[in-house]
Amino acid sequence: MLFRSLCQKHLGIIPQQVLDPSLLLNCNHYNHFFKTSLLPNENYLFSYLLDVDDRKRGFVNSMANAMRLKPIIMSAENNAKNDDSIEKWLTMIANATFVITDSYHGTLFSINFNKDFITINNVKRGNSRFRSILGQTGLMDRLISSDELSVRMWPGIDWEQVNSIIDNERIKSMSFLRTALS
C-alpha cells in the first residue's frame, strides 16, 4: 500500500502488480523442455538452493529420509560447475515428489507444476517477493526461516484453489500487459 500511495503522489500513476513472467504461462507450456531421460528411477525430493550450506543440506537429507525419498540437491554453485541446464532444472521440479528451495523461481515453478514444497526464506536475496506470491496464493505456511529447519510434515496443498488464483491473476496480468504495450 505504501508503494502504491507513493507512486500516486509522486508519479501520478497507479501501479499495477503483474505475475512474474514465469507464471504467465501455465505448466503445459513448459512440457517441451522436459528431459525425462535425466530422471532417477525412484521417487525423489528435489532441492534447488541458491545459498547452500551444511544446515540446509542436512535438512534436505533429513526430510528426504523421513519421506523415504531419494534426495537430489542442485545448487547455483554446482550449476556453473556441472553445466546443469534449464531443461534439467525444470524436469527435476516437474517430476519431484517434494521440493525444497530458497529460490524465488524454484518457488514459482513448484507452484506452477503443483508440487508440494517448502521455501526457505532467503532474506539475502529479498524476501518481499516470496511473501507477495505466497500470500497471494494462500501458501504463506510454506515459507520457513533458516531457523525453522526441522523435519516435519506439511499438510497437502489445495491446488484447485491455488490454480484458480493464479489463473485469475494470469488473466489480469496479461490484460494489463497487452494494454500497456499496445
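The values are calculated or read from the model by the stated rules, or taken from the named source; none is laboratory data. As the structure is a prediction and not an experimental result, all values here were calculated from the model. Don't worry about glycine lacking a Cβ; one is built from the backbone with ideal geometry, like all the others, and counts go over all protein chains shown. What goes into the accessible areas is simple: the full protein's heavy atoms, side chains included, and nothing from ligands, DNA or RNA. Shrake-Rupley method; radii C 1.70, N 1.55, O 1.52, S 1.80 Å.
A few remarks follow.
- If you go through segment 15-35 and pick out every residue that is modelled with pLDDT of 90 or more and not in a helix (DSSP H, G or I), you end up with 5.
- With respect to being aliphatic (A, V, I, L, M), more than 18 Å from the chain's Cα centre (by Cα), surrounded by fewer than 18 Cβ atoms within 10 Å (Cβ to Cβ) and on the phi < 0 side of the Ramachandran plot, Ala66 fits the description.
- Residue match in segment 81-93 (condition: of a type outside the set (Ser, Thr, Tyr), open to solvent by less than 80 Å² (accessible area, probe 1.4 Å), in contact (Cβ under 8 Å) with a residue 60 or more places away in the chain and under 23 Å from Pro40 (Cα atoms)): yes
- Filter result (among the basic types (Lys, Arg) and in a loop (DSSP other than H, G, I, E, B)) within segment 96-151: Lys115
- The residues listed here are Ile118, Ile165, Ile100, Ile93; of these, the one that is closer than 17 Å to Asn26 by Cα, within 13 Å of the chain's Cα centre (by Cα) and of a type outside the set (Phe, Trp, Tyr) is Ile93.
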